[in-house]
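Heads up: the structure comes next, in structure tokens.
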Amino acid sequence: MTIRIEILKERCKGCGICIAVCQMEVLRLSGDTNEQGYAYPVVEKNESCLICGLCEMVCPDFAIWVRQEEEEAMP
Amino acid sequence: MNRDRFHPDHPFLYADFFPTVWCAGCGIGTVVHSFIEALKASDITPRETGVVSGMGCSRKISECLKLPSFSVSDGRVVDFSVQYGLEHPTHQVVAFLNNADFLLTGAEDFLQLRNSGHRLTIIYINNFIFNTAGDDGFPMTPYRRKSFDGSADLPFNIPLLASSVGAEYIARWTPLRAGWIKNALMEAFQKKGTAVIEIISPCLVYDSESRRILDAAERMQFYDGRTVIQNFSPLNKLDLREGKKIVLGTFVDSAPGEDKR
Ligand code: SF4
Ligand code: SF4
Ligand code: SF4
């Protein structure tokens, strides 16, 4: 079982709400910026994610989502 | 790899709308997100909806959704939604209103609902601001705070106003409680009459002008720290003023389901 946190960095506006709502401190703001000039979140501690979906739910820009995958599911 | 890089809500959104026009961290985006989640979780056919929005920042809501959606002129949102609902009785009509659509130019439309029992879900995004002219007061400008510089009067009590036009479902949430907005919408979709959901989503521009808060996440937490959830609290106690907790929750529900908080 793997947890995949997908971040579309070109959509992100670096508001940091996803980072603020995450209780497990999975995400942090990257030092890098996307082409709009916003810092975007990156996954720091993937393994501590609870798949609660809070970060996905609060993102106003539809830039982050979480999913769970079986290890062998990918063809 | 690329095949997976679609947001779960991708089918509902125009891809070329991104990045959105809203300011970084504006609650409007979260409200749209919650709306889509609620739509997916309830058994509404996406074709059988009508999304209506008016002027200003919330206008863009109807432009980003791949649903039957309409941007109408300032203040005609409720009027249009009612007529659309009468013409399409099976459709779930959802009106996204901002301050001006709801209380300024749109106020008389809203008051015309007067217990008519139209099936309509109103999402009122209250950002405490009416800011085109800068210094005019507005029904929701906070007491002694600024549209730019100070309202001498207390803001409206929206849940009380909504109940006086006969809303069957009234709730109030903040964008940080996106899950509750989704729940509230799903409950509102069950109703046969009007549902009003107020979202306290203060405008970032206003906040940065008054230099109280620095960024979106801090602002969200600032407001969330000042809220308290009290379901079914008396409607006349729900006004918003400085130094008083903002009461969140479901205030009126004509037919409460089993899963009541
Ligand atoms: S799903 Fe929950 S635990 Fe995982 S990153 Fe998002 S907010 Fe954090
Ligand atoms: S909530 Fe969305 S837009 Fe804001 S920083 Fe996180 S991914 Fe970016
Ligand atoms: S923060 Fe204010 S100005 Fe920016 S999109 Fe939201 S409501 Fe509009």
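For B:I36, work out the one condition from (1) within 14 Å of another protein chain (Cβ to nearest Cβ); (2) open to solvent by 10 Å² or more (accessible area, probe 1.4 Å); (3) in a helix (DSSP H, G or I) it doesn't fulfil.
Only one criterion in (1) within 14 Å of another protein chain (Cβ to nearest Cβ); (2) open to solvent by 10 Å² or more (accessible area, probe 1.4 Å); (3) in a helix (DSSP H, G or I) is unmet by B:I36, namely (2).
So in the range B:188-218, with the set limited to residues that are among the charged types (D, E, K, R) and modelled with pLDDT of 75 or more, which one is nearest to A:C18 (Cα to Cα)? Reasoning before the result, please.
Taking the range B:188-218 first, the residues among the charged types (D, E, K, R) are B:191-192, B:198, B:207, B:209, B:211-212, B:215, B:218.
Still in the list and also modelled with pLDDT of 75 or more: B:191-192, B:198, B:218.
Numbers: B:K191: 32, B:K192: 35, B:E198: 22, B:E218: 12 Å.
Filtering first and then ranking leaves B:E218.
Could you please give the count of residues in the range B:1-33 that are touching a residue at least 24 places away in the same chain (Cβ under 8 Å), surrounded by fewer than 24 Cβ atoms within 10 Å (Cβ to Cβ), within 16 Å of ligand 3 (Cβ to nearest atom) and part of a loop (DSSP other than H, G, I, E, B)?
The qualifying residues number 5.
Only residues that are among the small types (G, A, S) and open to solvent by 10 Å² or more (accessible area, probe 1.4 Å): list them for the range B:155-166, please. Give the steps one after another, and end with the answer.
Going residue by residue through the range B:155-166, those that are among the small types (G, A, S) are B:162-164, B:166.
Hits for the range B:155-166 are B:S163, B:S164, B:G166.
Anything in the range B:39-48 that is acidic (D, E) and in a helix (DSSP H, G or I)? List them, or say none.
Taking the range B:39-48 and keeping what is acidic (D, E), we get B:43, B:48.
Result: B:E48, single match.
Select from the range B:45-64 the residues that are away from ligand 3 (no atom under 16 Å from the Cβ) and within 10 Å of B:V94 (Cβ to Cβ) and list them in ascending order. I'd like the intermediate steps shown before the answer.
Taking the range B:45-64 as the starting set, the residues that turn out to be away from ligand 3 (no atom under 16 Å from the Cβ) are B:45-52.
The answer is B:T49, B:G50, B:V51, B:V52.
Of all residues in the range B:40-54, how many are away from chain A (no Cβ under 14 Å) and in contact with a helix residue (DSSP H, G or I) (Cβ under 8 Å, 6 or more places away or on another chain)? Reasoning before the result, please.
Initially, the range B:40-54 is screened for residues away from chain A (no Cβ under 14 Å), giving B:42-54.
Then drop every residue that is not in contact with a helix residue (DSSP H, G or I) (Cβ under 8 Å, 6 or more places away or on another chain), which leaves B:42, B:44, B:46, B:49-54.
Summing the residues that are away from chain A (no Cβ under 14 Å) and in contact with a helix residue (DSSP H, G or I) (Cβ under 8 Å, 6 or more places away or on another chain) in the range B:40-54 gives 9.
Quick check on my filter: what residues within the range A:1-22 are modelled with pLDDT of 85 or more and either acidic (D, E) or surrounded by fewer than 13 Cβ atoms within 10 Å (Cβ to Cβ) (or both)?
Within the range A:1-22, A:E6, A:E10 meet the criteria.
Filter the range B:160-176 down to residues that are in a helix (DSSP H, G or I) and among the hydroxyl-bearing types (S, T, Y), then give me how many there are.
Final tally of qualifying residues: 2.
Regarding A:I64, is this residue of a type in the set (V, I, T), within 13 Å of ligand 2 (Cβ to nearest atom), surrounded by fewer than 20 Cβ atoms within 10 Å (Cβ to Cβ) and within 25 Å of B:C203 (Cα to Cα)?
Values: of a type in the set (V, I, T): yes; within 13 Å of ligand 2 (Cβ to nearest atom): yes; surrounded by fewer than 20 Cβ atoms within 10 Å (Cβ to Cβ): no; within 25 Å of B:C203 (Cα to Cα): yes.
For A:I64, the condition - of a type in the set (V, I, T), within 13 Å of ligand 2 (Cβ to nearest atom), surrounded by fewer than 20 Cβ atoms within 10 Å (Cβ to Cβ) and within 25 Å of B:C203 (Cα to Cα) - is not met.
Out of (1) polar (S, T, N, Q); (2) more than 17 Å from B:T194 (Cβ to Cβ); (3) in contact with an Asp or Glu (Cβ under 7 Å, 6 or more places away or on another chain), the odd one out for B:Q92 is which?
Answer for B:Q92: the failing condition is (2).
Among residues belonging to the range A:38-62 that are touching a His at 6+ places or on another chain (Cβ under 8 Å) and more than 10 Å from ligand 1 (Cβ to nearest atom), point out the one that is farthest from the other protein chains (Cβ to nearest Cβ).
Once the filter is applied, the top-ranked residue is A:F62.
Let me confirm something: among A:E47, A:E25, which residue is open to solvent by 40 Å² or more (accessible area, probe 1.4 Å), over 21 Å from B:W173 (Cβ atoms) and within 15 Å of ligand 2 (Cβ to nearest atom)? Full working, then the answer.
Numbers: A:E47 fails: within 15 Å of ligand 2 (Cβ to nearest atom).
Being open to solvent by 40 Å² or more (accessible area, probe 1.4 Å), over 21 Å from B:W173 (Cβ atoms) and within 15 Å of ligand 2 (Cβ to nearest atom) holds for just one of A:E47, A:E25, which is A:E25.
Regarding the range B:4-22, can at least one residue be identified that is among the aliphatic types (A, V, I, L, M) and more than 14 Å from every other protein chain (Cβ to nearest Cβ)? Talk me through it step by step, then tell me what you get.
To start, the set of residues in the range B:4-22 that are among the aliphatic types (A, V, I, L, M) comprises B:13, B:15, B:21.
If we keep only those that are more than 14 Å from every other protein chain (Cβ to nearest Cβ) as well, we get none.
Within the range B:4-22, none of the residues are among the aliphatic types (A, V, I, L, M) and more than 14 Å from every other protein chain (Cβ to nearest Cβ).
Among the residues of the range A:9-37, how many are more than 7 Å from every other protein chain (Cβ to nearest Cβ) and in a loop (DSSP other than H, G, I, E, B)?
Within the range A:9-37, residues that are more than 7 Å from every other protein chain (Cβ to nearest Cβ) and in a loop (DSSP other than H, G, I, E, B) number 11.
Of B:V51, B:V93, which residue is in contact with a Leu (Cβ under 6 Å, 6 or more places away or on another chain), within 30 Å of A:I7 (Cβ to Cβ) and assigned to a strand (DSSP E or B)?
Values: B:V93 fails: within 30 Å of A:I7 (Cβ to Cβ).
After applying the criteria, what remains is B:V51.
The values are calculated or read from the model by the stated rules, or taken from the named source; none is laboratory data. On a predicted model such as this, the values are computed, not experimentally measured, just so you know. Every residue, glycine as well, gets a Cβ built from its backbone with ideal geometry; the counts of neighbours run over all protein chains shown. Accessible surface areas use protein heavy atoms only, side chains included; no ligands, DNA or RNA. Shrake-Rupley method; radii C 1.70, N 1.55, O 1.52, S 1.80 Å.
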